[in-house]
Each structure stands twice: as structure tokens, then as C-alpha cells.
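Q: Here's a structure for you.
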Amino acid sequence: MKQTEVTVGAPSWAEITTAEPPAAKAFYGELFGWRAETDPRPQAGGYTVMHLGDAAAAGLSPLYGPAQRTAWTVSFAVQDADATVARVTSAGGQVLMEPMEVLDIGRFAVVADPSGAAFSLWQARTFAGAGVFNDPGALGWVELLTRDTEGAEAFYPAVFGWTVNTVESYTQWGLAGDDFGGMLAMGEQFPPDLPPHWLPYFAVGDVDGTAARAATLGGEVLMPPTTVPAGPRIAVLKDPQGAAFGVYRAGTEG
């Protein structure tokens, strides 16, 4: 992720909703060195900000309803959540949660692209999003996994104005050419019942060591450490509650 601070149109936050918040706090605290701070206000619903040092790194919340599942969600910064929702629907997407105020910290909506991949929109007020990117333990890349790459290439630039950079068989998303994410076509190697989704990648100092550590902590290695041709070393992991996420070697972003 070439952006080093929250930028409108780019990823600003990643959060996990989980059936077992205490277990998730322990797992990610051990894996990434995150420190949990849970908002004590009743109206916050147990929302927790995970910190890397003094900087906000990611969010964690309990499941708020039976329709939710344990999973990571990626948020993108917008200037106007309502106007962006209108562009989402005009481009063929759907609204999963209408724009709403979140205490005094921002305006929030949950939407999905035409293939069903869900993501969030964040209009900041007192909370911009992540305070650190690319450092070990911080968000550094986001990836769309979809079976409709052609539709995605039409939808996301229409909504966010993203640039599309295709290198060999991989498509990268960016703003004015500064890439922050990519897109992977879901082929036969993916279970047919696995829905399209956004996957956050966190930077780490040692991909192999992090994958081994995740397994020791009760997680699972979905894709073993692999060096991408002309790219970084990456792995895809799953936490003990079933949420998938990626890791890559810090210093190889962009």
C-alpha cells in the first residue's frame, strides 16, 4: 500500500466481527503484538480498537446479529457516505446497511459489489481510521477475490475512481497509479460455496515465522508461505474462529 495515511478512496480500516472476542483479542495480540482497548460506553456495543504501539491498527467487534459471520471486513474512506452509496447502487451494487452515524466518530455504511463482495464505507469525523500502514502488524494491502473480474473492473472505478493496473495475470487497484490492492479471480481451487470477498493483508517481518506461529496458536494455514514472482512473500491464514486474512513481508509493498 503506497499510501502511508488515510486517503479518500483508499482502504482506511479493517475490522473483524467474531463470535469469540476474547479469544480473537488473545490470538491477534500474540500474533501481531496488538493491544486491545474496548470502548466502555454501552452504546459502543463492545467495539474494540486494536493498537500497534499507540496507533490504531484494526477493529474488533462481537457479532451483532444471526446474519453475521466471523470474518474480516475492509473499509474505504469516503468524503460523503450517502453520495457514495448512491454511486454503488447506480453501478449495480447493493446496500447491506444504510448510512448511519457511529457515535461522534464517523458515518458508516455497508455495501456489496454486483458479485456480492461486501465492504464498508467510512466518512470520518473524529476518527479517521488506521493510524499506521505497512509497518509489521499493520494493514498493508487489500485483495478482492471474485468470480466476476470484468464486472469488478467496471464497478469499482465507477464508485471510487480507482485506476486499474493489470500486470500479467494480476490486477491491481490504485488512486492516480498508487496501488493499494489487487484482485484475484476465484477459480476451481476455491470451494464453490465460498462467496466473493475482500481479504486484508497485514505486514509482518517474517512470513514463514508468522504462519508457523498462527498454527501454534490454533489457527490454520490456508495458503503456505509463497514468494510471488516479482512480488512479495505472502501467506493466507485463518484464525481459530474461522476468519481468513493474509500476511506479507514488510518493506515489499507497492
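Q: Could you give the length gained on full extension between VAL102 and TYR170, defined as 0.36 nm per residue of separation minus the Cα-Cα distance, in nm?
A: Going from the current span to full extension adds 20.9 nm.
Q: One-quarter of the Cα convex hull surface for region 71-150, in nm²?
A: With the hull built on Cα positions only, its mean projection is 6.1 nm².
Q: Also, quick follow-up: Rg and Dmax of region 46-188, using alpha carbons, in Å: what are they?
A: Here Rg and the maximum Cα pair distance are 15.5, 45 Å.
Q: Expressed as a fraction of 2.2 N^0.38 Å, the rule-of-thumb size for a compact globular protein of N residues, what is the C-alpha radius of gyration of region 22-75?
A: So region 22-75 has a normalised radius of gyration of 1.15.
Q: To the nearest Å, what is the center-to-center distance of region 130-201 and region 77-107, using C-alpha atoms only?
A: Value for the Cα centre distance between the two parts: 20 Å.
Q: Still on this structure, please answer the following. Please report Rg over Rh for region 1-116, where both radii come from the alpha carbon positions and Rh follows the Kirkwood definition.
A: Values: Rg = 15.0 Å, Rh = 15.5 Å.
Rg divided by Rh gives 0.97.
Q: Also: How large a share of the accessible area of the chain, in percent, is made up of carbon and sulfur atoms when the probe is 1.4 Å and the other protein chains stay in place?
A: Ligands and nucleic acids excluded, carbon and sulfur give 53 percent.
Q: Okay, moving on. Based solely on its DSSP helices, what 222 nm [θ] is calculated for the chain when runs of n ≥ 4 H residues each add -39,500 (n - 2.57) and the sum is averaged over all residues, nearest 500 deg cm²/dmol?
A: -5000 deg cm²/dmol
Q: Based on the mean of other beta carbon atoms within 10 Å per residue, what is the order of 86-96, 232-242, most packed first?
A: 232-242, 86-96
Q: Give the longest segment of the chain that steers clear of GluC sites (Glu not before Pro) in DSSP loops with at most 13 neighbouring Cβ atoms within 10 Å, not counting the sites themselves.
A: Here the longest run is 6-167.
Q: Once the mean 1/r over all distinct Cα pairs of the chain is inverted, what Kirkwood radius in angstroms do you read off?
A: By the Kirkwood definition, the hydrodynamic radius is 18.3 Å.
Q: In Å and on Cα atoms, what radius of gyration and Dmax does region 119-178 show?
A: Here Rg and the maximum Cα pair distance are 13.7, 41 Å.
Q: Output the Cα-based Rg and Dmax of region 60-116 in Å, rounding Rg to one decimal and Dmax to a whole number.
A: Expressed in Å, the Cα Rg and Dmax of region 60-116 come to 12.1, 32.
Q: Another question about this same structure. Apply 1/(1 + (r/R0)^6) to the Cβ-Cβ distance of GLU20 and ASP178, taking R0 = 51 Å, and write down the FRET efficiency to the nearest 0.05.
A: Efficiency, from the Cβ-Cβ distance: 0.90.
Q: If each of GLU5 and SER90 carries a label point 7 Å out from its Cα toward its Cβ, how far apart are those two points in nm?
A: Between GLU5 and SER90, the label points sit 3.0 nm apart.
Q: Just to verify a number: FRET efficiency for GLN189 and ARG41, C-beta to C-beta distance, R0 = 41 Å, to 0.05? The partial results should precede the final answer.
A: Details: r = 44 Å, r/R0 = 1.07.
Working from the Cβ atoms, E equals 0.40.
Q: Once amide H atoms are built 1.01 Å from N in the peptide plane, which residues 5 or more positions from GLY53, or in another chain, come under 5 Å H to H?
A: Placed amide hydrogens put ARG35 under 5 Å from GLY53.
Q: Please express the shape of region 122-254 as an equivalent ellipsoid: the semi-axes are the square roots of 5 times the eigenvalues of the C-alpha gyration tensor, given largest first in whole angstrom.
A: Taking √(5λ) for each eigenvalue gives 24, 19, 16 Å, largest first.
Q: Would region 181-253 count as rounded, prolate or oblate if I go by the C-alpha gyration tensor, calling it rounded below 1.5 in a/c and otherwise prolate when a/b exceeds b/c, oblate otherwise?
A: oblate
The values are calculated or read from the model by the stated rules, or taken from the named source; none is laboratory data. Computed from a predicted model, the values in this text were never measured in an experiment. Here the Cβ is made from the backbone with ideal geometry for all residues, glycine too, and neighbour counts use every protein chain on show. Accessible surface areas use protein heavy atoms only, side chains included; no ligands, DNA or RNA. Shrake-Rupley method; radii C 1.70, N 1.55, O 1.52, S 1.80 Å.
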